[in-house]
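See below for the structure under consideration.
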Amino acid sequence: MVAHKNSIMVMANPTKKSNQIIVLTKEERIALKSQQEVLLLLQQLAAREEVTVKLILDRLYDLGVLNIIQNKLRPPILKGVVRGVAKVAKPVAGLAGVYWFQQNCPQLIADWLIDQVAFGNPEPKTTEILEASTNDLKSSESQNLQVKQLRSQVRLLTSILIIVITFFGGSFVWLFYSFKTKPSSLWQPTEISDTFTAK
């Protein structure tokens, strides 16, 4: 295969041993470099503006909890419990959200922006397919890890909720039982003795 003067030969997947070689023209190299720079800039923006990202995700969390409580839950008791659990889980969800945003959103935003300026390019490039398959593999592995972490956090929060409910339920039962069995012992008037006498 003879390459043109303005083209460059690139291995299809440099991490695996392969005989596939893709020839990129000068325009394709510029486009690939620009795409990588857009992704790098978005990653730097997400890392630099972590506080802003956290504030945005906090507001989105509040909106999501409010929508779930208003639209999905009917009993008022359940709404109160979910509000309490949501308040406890908010810091953990914020940390997980910022991590997820920094890992995934720059790539998603870059892909969306590149699609916006593609002007209807109907055929996908071979390099895009290879990059998409490796990105899909990486994202599926990270998503599996995140799902496992979230499941463990849900188990932890569920056990904490059960312990708190058991503690308060036991306290209320004990108080009810103690009021029922000995009501007079709690309300007996005390006699004031005349211990201090004027000399």
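Only the coordinates and a few stated rules stand behind these numbers; no lab work does. Not measured: the values here are computed from a predicted model. Glycine also receives a Cβ, built like all others from the backbone with ideal geometry; neighbour counts cover every protein chain displayed.
Could you list, in their original order, any pairs among Lys54/Lys79; Lys26/Lys138; Lys72/Lys138; Lys72/Lys148; Lys54/Lys138; Lys87/Lys180 whose Cα atoms are separated by more than 27 Å?
Distance filter (> 27 Å) returns Lys26/Lys138; Lys72/Lys138; Lys87/Lys180.
Relative to the present Cα-Cα distance, how much length would full extension add between Ile114 and Tyr99 at 0.36 nm per residue of separation?
Numbers: separation 15, 0.36 × 15 = 5.40 nm, distance 2.35 nm.
Stretched fully, the Ile114-Tyr99 segment lengthens by 3.1 nm.
How much length would be gained if the chain were fully extended between Asn135 and Ile163, taking 0.36 nm per residue of separation minus their Cα-Cα distance, in nm to one decimal?
Length difference between fully extended and current span is 5.9 nm.
So if R0 is 41 Å, what FRET efficiency would Leu145 and Leu175 give, r being the distance between their Cβ atoms, rounded to the nearest 0.05?
Numbers: r = 45 Å, r/R0 = 1.10.
Between Leu145 and Leu175 the formula returns 0.35.
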